[in-house]
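Everything below concerns the one structure shown next.
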Amino acid sequence: MTVSLTLLVCAVVLTSAGGILIHTRSLTRVLVGIIVCGNGVNLFVLASTGAAGFPPLLYPGVEAAKVTDPLPQAIILTAVVITLATTAFVLAMAYRSSQLTGSDFVPDDVADRRVVLRAEISAERAELRELHREDGPSAWREERRDQRRRLRAERAYQARARDADGDLWNDVLGADPPESSAADPAEPPETRPEETR
């Protein structure tokens, strides 16, 4: 089986570039990365077919060894449909994110930050206990205060980061715009309280 080196190099470059773009925080870049990576994978599958041969029609007088394998082409066609569906899904997520926040940037997950910080502080405490085993807990009092300060700062960040009003329908799908009363135009419409940071 012979593989075209140009096809293989293009597949590697496209898949690598798409993988790098997928790992960014911007949903638009993730969208472009999915498209580019999908095309790179399709080229990999196409490169696996080998050299071109006769059309895959088995009629009398055609050797089966010289016929092109139709399976990779069917797989590529299926992959194109899957990439299109994934592209539509990520495009809808990016559009909704830009509607809600004005940006397609994906922020840190507050719960993930909490889990990571707890694991770090727990590991630090175990290390300090082991280090000051004979000295007693008073030997590492300052380190414990520093850990408590970090935990308080993280809790304050989590309280500021929560911009949800608790209504799942409004948080996920977006609240309906406030109705302006035609009877009293001087009264401002209700607005959502701004986040203080």
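Numbers at a glance
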read-out	value
Some residue of segment 165-172 being closer than 30 Å to ILE22 by Cβ and either hydroxyl-bearing (Ser, Thr, Tyr) or at pLDDT 80 or above (or both)	no
Hits in segment 1-46 - residues which are assigned to a helix (DSSP H, G or I) and charged (D, E, K, R)	ARG29
Residue pairs meeting the criteria (Cβ under 7 Å; at least 6 apart or on separate chains; first under 14 Å from SER26 (Cα atoms), in segment 99-122; second surrounded by 14 or more Cβ atoms within 10 Å (Cβ to Cβ))	ASP104/SER26; ASP104/LEU27; ASP104/THR28; ASP104/ALA94; ASP104/SER97; ASP104/SER98; PHE105/SER26; VAL106/LEU27
Breaking point among (1) more than 16 Å from the chain's Cα centre (by Cα); (2) modelled with pLDDT of 90 or more, for LEU31	(1)
Answer residue from segment 59-98, given it is open to solvent by 90 Å² or more (accessible area, probe 1.4 Å) and either assigned to a loop (DSSP other than H, G, I, E, B) or touching a residue at least 60 places away in the same chain (Cβ under 8 Å) (or both) and is nearest to ASN39 (Cα to Cα) among those	LEU91
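The values are calculated or read from the model by the stated rules, or taken from the named source; none is laboratory data. On a predicted model such as this, the values are computed, not experimentally measured, just so you know. We place every Cβ from the backbone using ideal geometry, glycine too, and count neighbours over all the protein chains shown. Ligands, DNA and RNA are stripped out before the accessible areas are found, and what is left, the full protein with its side chains, is counted by its heavy atoms. Shrake-Rupley method; radii C 1.70, N 1.55, O 1.52, S 1.80 Å.
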